[in-house]
Amino acid sequence: SAFNADVVKNVDFYKSGFPARYGGRLSSIIDVRTADGDFNHFHGSYRIGLLDGGVQLEGPVRKGRTSFNFGLRRSWLDLITRPAFAIYNKHRSADDDELTLNYYFHDLNAKVTNIFSDRSRMSLSLYSGQDGLFTESKDDYSPNNDDFNYKDDEKNKYAWGNINVALDWQYQFSPKLFANFTAVYTHNRAKLETTEDEGTVRNGKSEDVNWTRHSYHSTINDLGYRTAFDYRPSPHHHIRFGTDYIWHV
């Protein structure tokens, strides 16, 4: 799952016909809300899976007033593939390439919530996620000639991830009017690097060496705010209104 279930409070999914408060989205909507930490007691959990592990901690900073909730996941697939490919490279035949493949991901959720009064509370949320993939292929070929070797070393590095920060203030103006003010920042990054080093070695000296490198880097930054009001003038009517703004770079 793309979401750490240990820190998720609830998820709303709109396949189509989603409400106007989600803006001009073109596809389906997944609205994920993270849980507040426990305001009275410290506790946590850990999980060990076949491909990843996780830990979650929550508790009060000020009992009854301020709480935190922290969750971290990390895959250990790279800890499995490293020795697996080391064994393969050790026992491969002379005609096969030397191969290396490593993949990992991690994500972190953190939330601090403070209750000012029965009508006002504020929370600061942070999410960070990163995926990485590394591949390497080495070919060392000697065509029945001990004085001549052809070498080719190709490496590929992929990395992509997100950082999201949100400051949220909830305030109840009256029993019928509730407001939510949110400031948000999102940073998305993706990077691809490929390098290839090829050439020949004759009588211990390098010849026809060709080294190339390509690097691609992209980022998306969003900075904005969102205001949402819920007004219930009677048990039979529910009115929502608000505004949001995003500076997209």
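The values are calculated or read from the model by the stated rules, or taken from the named source; none is laboratory data. The shown structure was predicted, so the numbers you read here are calculated from the model rather than taken from an experiment. All Cβ positions, glycine included, derive from the backbone under ideal geometry; neighbour counts span all protein chains shown. We work out accessible area using only protein heavy atoms, side chains counted, and drop any ligands, DNA or RNA first. Shrake-Rupley method; radii C 1.70, N 1.55, O 1.52, S 1.80 Å.
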Restricting attention to the range 39-59, the residues that are open to solvent by 60 Å² or more (accessible area, probe 1.4 Å) and either closer than 25 Å to F229 by Cβ or among the β-branched types (V, I, T) (or both) number exactly 1
From the option list D230, D168, single residue qualifying as at pLDDT 95 or above, touching a His at 6+ places or on another chain (Cβ under 8 Å) and not β-branched (V, I, T) is D230
Checked against (1) open to solvent by less than 50 Å² (accessible area, probe 1.4 Å); (2) part of a loop (DSSP other than H, G, I, E, B); (3) acidic (D, E); (4) more than 27 Å from T113 (Cβ to Cβ), D96 satisfies every condition except (1)
Notebook entry, point to check: Does the range 67-74 contain at least one residue that is polar (S, T, N, Q) and assigned to a strand (DSSP E or B)?
Noted result: yes
Of the residues in the range 73-93 that are in contact with a Gly (Cβ under 9 Å, 6 or more places away or on another chain) and without any contact (Cβ under 8 Å) to a residue 60 or more places away in the chain, the one that is most open to solvent (accessible area, probe 1.4 Å) is R74
The condition from (1) touching a helix residue (DSSP H, G or I) at 6+ places or on another chain (Cβ under 9 Å); (2) within 23 Å of W76 (Cβ to Cβ) that A159 misses is numbered (1)
Considering residues that are of a type in the set (V, I, T), closer than 23 Å to A166 by Cα and under 21 Å from the mean Cα position of the chain (by Cα), the number found within the range 35-92 is 1
Log entry, pairs with first residue in the range 165-192 being over 14 Å from D118 (Cα atoms), second being open to solvent by 40 Å² or more (accessible area, probe 1.4 Å) and β-branched (V, I, T), beta carbons closer than 7 Å, six or more apart or on different chains, reads Y185/V165; H187/I163; H187/T219; N188/T219; N188/I220; R189/T219
In the set R121, R21, the lone residue that is within 25 Å of T182 (Cβ to Cβ), surrounded by fewer than 16 Cβ atoms within 10 Å (Cβ to Cβ) and in contact (Cβ under 8 Å) with a residue 40 or more places away in the chain is R21
Do we have D36 as open to solvent by 40 Å² or more (accessible area, probe 1.4 Å), under 25 Å from S117 (Cα atoms) and either touching a strand residue (DSSP E or B) at 6+ places or on another chain (Cβ under 9 Å) or of a type in the set (D, E, K, R) (or both) here? yes
